[in-house]
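*Asks:* Can you read through this structure? Questions will come right after.
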Amino acid sequence: MLDIIFMALESIMLNKVRSFLTMLGVVIGVASVILLVSLGEGTRQYVSQELLGVGTNLLVITPGKTETTGHAPPQSSTTRKLTYDDTMHLKRNAFTLKDIAPIVIGTAKVKYINRSRDILTLGVTNSFQDVRNLHVEIGSFVSDEDVEFHRKVAVIGRTVKKELFEDENPLGKMVWLSGVKYRIVGIMEKKGLSFGFDIDDLVFIPLKSAQDLFDTDKMTEILAEALNAEKVEMAKEEIIQILKKRHDNKEDFSVITQASLLSTLNTILKVLTYVIGAIAGISLIVGGIGIMNIMLVSVQERTKEIGIRKAIGAQNSDILKQFLFESTIISSFGGIIGILFGAGIAYAITFFFPVVPVKVSLWSVVLAFSFSVAVGIFFGAFPAHKAAKLNPVEALMYE
Amino acid sequence: MDKKVIEIKNLFKSYHIGHVEVPALKNINLAVIKNQYVVIKGPSGSGKSTLMHIVGCLDRADRGSYYFDGHLVEELSDLELAEIRGGKIGFIFQSFNLIPRLSILKNVELPLFYLGISASERSSLARDSLARVGLEHRLTHSPAELSGGEKQRAAIARAIVTNPSIVLADEPTGNLDSKTGEDILKIFDRIYRDGGTILIVTHNEMVAERGGRIVTVLDGEIVSDIEIIRTEKE
């Protein structure tokens, strides 16, 4: 057995360039499988982590009936708005909710002295901090009185602070929000990017001030936090019941739970990972065809040798094994190099571009390697069989 | 006790070229006993090579029976035929047929490899065999580095390394000059004296004269079978 492997290695080494080029097909195939699956898997884990960071107890209520699975809203034209009263009503009547945070979202031109930028501005209540898990670091957050009295105060994110104030202390400073003067009372803690969106590039103002500023009385969305993870579904039912009662018994809003969003995204990204992995797998099959091609040439070239070997006692199975080992060794070596190559690129990506999520998973390595071995056996079988079945007299006569 | 190594009875073999049947061997009857030196002589196209392939278990006859060492070859499987070729027959070809990318030692070891003999034993048997043909100093050379005579000696070493029941040689001196050919024939003489059984196929009269028995084949038929009583020389 060992001798046959050694023999196969010898013939591989004899045609170094040819063996290497044949191997390259498998290397590229395996490397692309590893790399693409790593990217897919990395993205999936990244999404999961980001969503978990927001909190799995979270429910999001948005106006209009939509499904997380993507149906078009059936009554989109008669979308009824969500009001502040809806929020207050929920807050008072829902048993399963720990807290509730209505949000009004708009874009305001934020100006400080001679610098100005359009910045996403969120009208919030004090509960936003805990519900959304975003906290103020310096100064204070929007208080309930601020909301009630339509106070012109603002809390800014780190990016806003850096861009408008640089090293200056912004606390107590006045900024213009679309022409209205606001006083900075707090700076948010640094959060960084999430899904490519800069959470630090936000301005928070009291909800009612935002309604004034954007001249609206509807909530963009309402965040609700269930008492605990087990109560999320119950909370969803309760919210629907309470709001339906207020909305003429019509379910003209949507309640999306973070958990269902997470599992939906997880499923989508998993399928996506499999699909891109499979597409990369096609190149592995192409590599296999390359192996078969070269093995056929090799059998042809060594027809005489096969004849000699048979004349001096080689059985068909000996010849079969010799060629099968050759193709399998080529493909397995290609597989190993491909794994190292693919994983190397994957780690290089994480090293140079930490933003791009990459995760080399063990299952993809095992799968890609087994697949490359299988490719060698599968595509080597036909040439090896052809070699084994050669007629010894004809093979000996072959020149 | 005359043990028959080869016994061929009423053997026929023909080839098909398109729809035309070309008879190659017609009603061959031949028996070779142990420690006989037989030369099959005939012009090219006489069918002697076909006979050689059948005797060597590389090819099968159409009709007739062939016993090798008492086994009816027609009834043997491909696997059993391979075992006979490997263990009981030593093949020598006109064009040497050494495997170019293997060293001389590896070439000689090869039949032992297919018999499943261990690496250390293979090596020692192959060295002994190469010493018998005077090539003990050429073990690690590749066939390309050897002269024609040396190649044929290596091929003989490969043929006798398994201590076969019969050594079959197809025109063994055909690619060699007469001096080198003579050296090769001397090795055959020695194998014969050591108790070996030899069957040589040739069209060369000089070679034919060496045998103890000359079988002449013409147009696929044995036309004469003469035993030579030789007075001891050397």
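*Asks:* Is it true that A:I282 is open to solvent by 10 Å² or more (accessible area, probe 1.4 Å), in contact with a Lys or Arg (Cβ under 7 Å, 6 or more places away or on another chain) and not acidic (D, E)?
*Replies:* Judged against the criteria, A:I282 is not a match.
*Asks:* Please identify the pairs in which a residue from region A:294-307 that is within 11 Å of chain B (Cβ to nearest Cβ) has its Cβ atom under 7 Å from the Cβ atom of a residue that is open to solvent by 40 Å² or more (accessible area, probe 1.4 Å) and in a helix (DSSP H, G or I), counting only partners at least 6 apart or on another chain.
*Replies:* Between residues of region A:294-307 that are within 11 Å of chain B (Cβ to nearest Cβ) and residues that are open to solvent by 40 Å² or more (accessible area, probe 1.4 Å) and in a helix (DSSP H, G or I), there is no close pair.
*Asks:* Among the residues of region A:189-220, how many are open to solvent by less than 30 Å² (accessible area, probe 1.4 Å), in contact with a Leu (Cβ under 7 Å, 6 or more places away or on another chain) and farther than 30 Å from A:L52 by Cβ?
*Replies:* Residues meeting the conditions: 0.
*Asks:* Taking the condition surrounded by fewer than 17 Cβ atoms within 10 Å (Cβ to Cβ) and either more than 25 Å from the chain's Cα centre (by Cα) or in a helix (DSSP H, G or I) (or both), does A:I239 pass?
*Replies:* No.
*Asks:* Follow-up. Given the criteria surrounded by fewer than 23 Cβ atoms within 10 Å (Cβ to Cβ), more than 18 Å from the chain's Cα centre (by Cα) and hydroxyl-bearing (S, T, Y), does B:S95 qualify?
*Replies:* no
*Asks:* Then there's this: Counting only residues that are at pLDDT 90 or above and part of a loop (DSSP other than H, G, I, E, B), which one in region B:19-41 is least open to solvent (accessible area, probe 1.4 Å)?
*Replies:* Of everything passing the filter in region B:19-41, B:Q36 is least open to solvent (accessible area, probe 1.4 Å).
*Asks:* Identify all residues within region A:378-399 that are open to solvent by 80 Å² or more (accessible area, probe 1.4 Å) and assigned to a helix (DSSP H, G or I); write none if there are none.
*Replies:* Selection gives A:F378, A:F382, A:H385, A:K386, A:E394, A:M397.
*Asks:* Next question. List every residue pair whose Cβ atoms lie under 7 Å apart, where the two residues are 6 or more positions apart in sequence or sit on different chains, the first residue falls within region A:387-399 and is more than 10 Å from chain B (Cβ to nearest Cβ) and closer than 16 Å to B:Q94 by Cα, and the second residue, located anywhere, is modelled with pLDDT of 90 or more and open to solvent by less than 80 Å² (accessible area, probe 1.4 Å).
*Replies:* A:Y398/A:T303; A:Y398/A:K304; A:Y398/A:G307
*Asks:* Those residues that are aromatic (F, W, Y) and within 37 Å of the chain's Cα centre (by Cα), I need them from region A:307-344; list them, please.
*Replies:* Passing the criteria: A:F333, A:F341.
*Asks:* When the residues of region B:149-169 are narrowed to those that are open to solvent by 30 Å² or more (accessible area, probe 1.4 Å) and in contact with a helix residue (DSSP H, G or I) (Cβ under 7 Å, 6 or more places away or on another chain), which ends up farthest from the other protein chains (Cβ to nearest Cβ)? First the steps, then the outcome.
*Replies:* Just the residues of region B:149-169 that are open to solvent by 30 Å² or more (accessible area, probe 1.4 Å), to begin with: B:151, B:153, B:163, B:165.
From what is left, the residues that are in contact with a helix residue (DSSP H, G or I) (Cβ under 7 Å, 6 or more places away or on another chain) are B:151, B:153.
Values: B:K151: 13, B:R153: 16 Å.
Among those that are open to solvent by 30 Å² or more (accessible area, probe 1.4 Å) and in contact with a helix residue (DSSP H, G or I) (Cβ under 7 Å, 6 or more places away or on another chain), it is B:R153.
*Asks:* Count, please, the residues in region A:166-188 that happen to be touching a Leu at 6+ places or on another chain (Cβ under 8 Å) and surrounded by fewer than 19 Cβ atoms within 10 Å (Cβ to Cβ). Steps first, please.
*Replies:* Let us first name the residues in region A:166-188 that are touching a Leu at 6+ places or on another chain (Cβ under 8 Å), namely A:170, A:175, A:177-178, A:180, A:184-188.
If we keep only those that are surrounded by fewer than 19 Cβ atoms within 10 Å (Cβ to Cβ) too, we end up with A:178, A:180.
Number of matching residues: 2.
*Asks:* Output the residue which, of all residues in region A:4-31 that are surrounded by fewer than 15 Cβ atoms within 10 Å (Cβ to Cβ) and at pLDDT below 85, is farthest from the other protein chains (Cβ to nearest Cβ).
*Replies:* Checking each candidate, the answer is A:F6.
*Asks:* Would you point out the residue of region B:81-101, among those that are closer than 14 Å to B:D69 by Cβ and of a type outside the set (K, R), that is nearest to the other protein chains (Cβ to nearest Cβ)?
*Replies:* B:G86
*Asks:* Given the criterion open to solvent by 60 Å² or more (accessible area, probe 1.4 Å) and either among the polar types (S, T, N, Q) or at pLDDT below 90 (or both), identify the matching residue among A:T273, A:T267, A:T303.
*Replies:* A:T267
*Asks:* Residue check: is B:L51 open to solvent by 40 Å² or more (accessible area, probe 1.4 Å), among the aliphatic types (A, V, I, L, M) and part of a helix (DSSP H, G or I)?
*Replies:* Working: open to solvent by 40 Å² or more (accessible area, probe 1.4 Å): no; among the aliphatic types (A, V, I, L, M): yes; part of a helix (DSSP H, G or I): yes.
The answer is no for B:L51.
*Asks:* Also, I was wondering about something else. What is the residue count in region A:242-259 for residues that are open to solvent by 10 Å² or more (accessible area, probe 1.4 Å), of a type in the set (A, V, I, L, M, F, W, C) and in a helix (DSSP H, G or I)?
*Replies:* Count: 2.
*Asks:* Do you know which residues across region B:119-148 are open to solvent by 60 Å² or more (accessible area, probe 1.4 Å) and within 14 Å of chain A (Cβ to nearest Cβ)?
*Replies:* B:S120, B:E121, B:A144
*Asks:* Separate question: Does region B:70-91 hold any residues that are open to solvent by 30 Å² or more (accessible area, probe 1.4 Å) and in contact (Cβ under 8 Å) with a residue 60 or more places away in the chain, and which are they?
*Replies:* Listed by number, the residues that qualify are B:G70, B:K88.
*Asks:* From (1) without any contact (Cβ under 8 Å) to a residue 40 or more places away in the chain; (2) closer than 27 Å to B:P43 by Cα; (3) open to solvent by 10 Å² or more (accessible area, probe 1.4 Å), pick out the condition that doesn't hold for B:N175.
*Replies:* (1)
*Asks:* Since A:L51 meets every condition but one in (1) under 31 Å from the mean Cα position of the chain (by Cα); (2) surrounded by 18 or more Cβ atoms within 10 Å (Cβ to Cβ); (3) modelled with pLDDT of 80 or more; (4) in a helix (DSSP H, G or I), which condition does it not meet?
*Replies:* Of the numbered conditions (1) under 31 Å from the mean Cα position of the chain (by Cα); (2) surrounded by 18 or more Cβ atoms within 10 Å (Cβ to Cβ); (3) modelled with pLDDT of 80 or more; (4) in a helix (DSSP H, G or I), the odd one out for A:L51 is (3).
*Asks:* Still on this structure, please answer the following. Would a scan of region A:328-350 turn up a residue that is surrounded by fewer than 20 Cβ atoms within 10 Å (Cβ to Cβ) and within 14 Å of chain B (Cβ to nearest Cβ)?
*Replies:* No - not one qualifying residue is present in region A:328-350.
*Asks:* Same structure again: Could you check region A:308-320 and list, in sequence order, the residues that are within 11 Å of chain B (Cβ to nearest Cβ) and either open to solvent by 40 Å² or more (accessible area, probe 1.4 Å) or closer than 13 Å to A:N15 by Cβ (or both)?
*Replies:* Across region A:308-320, the qualifying residues are A:N316, A:S317.
*Asks:* Just checking, how many residues over region A:197-237 are of a type in the set (S, T, Y) and closer than 22 Å to A:G157 by Cβ?
*Replies:* Residues in region A:197-237 being of a type in the set (S, T, Y) and closer than 22 Å to A:G157 by Cβ: 2 in total.
*Asks:* Right, A:I34: at pLDDT 90 or above, more than 14 Å from chain B (Cβ to nearest Cβ) and surrounded by fewer than 22 Cβ atoms within 10 Å (Cβ to Cβ) or not?
*Replies:* Working: at pLDDT 90 or above: yes; more than 14 Å from chain B (Cβ to nearest Cβ): yes; surrounded by fewer than 22 Cβ atoms within 10 Å (Cβ to Cβ): no.
Taking the combined requirement at face value, the residue does not satisfy it.
*Asks:* Just one of A:K81, A:K111 is farther than 30 Å from A:M234 by Cβ, basic (K, R) and open to solvent by 60 Å² or more (accessible area, probe 1.4 Å); which is it?
*Replies:* Criteria check complete, one pass: A:K111.
The values are calculated or read from the model by the stated rules, or taken from the named source; none is laboratory data. None of the values given here were measured: they were computed from a predicted structure. Heads up, the Cβs are rebuilt from the backbone with ideal geometry, glycines too, and the neighbour counts pull from every protein chain shown. Only protein heavy atoms, including side chains, enter the accessible area calculation; ligands, DNA and RNA are left aside. Shrake-Rupley method; radii C 1.70, N 1.55, O 1.52, S 1.80 Å.
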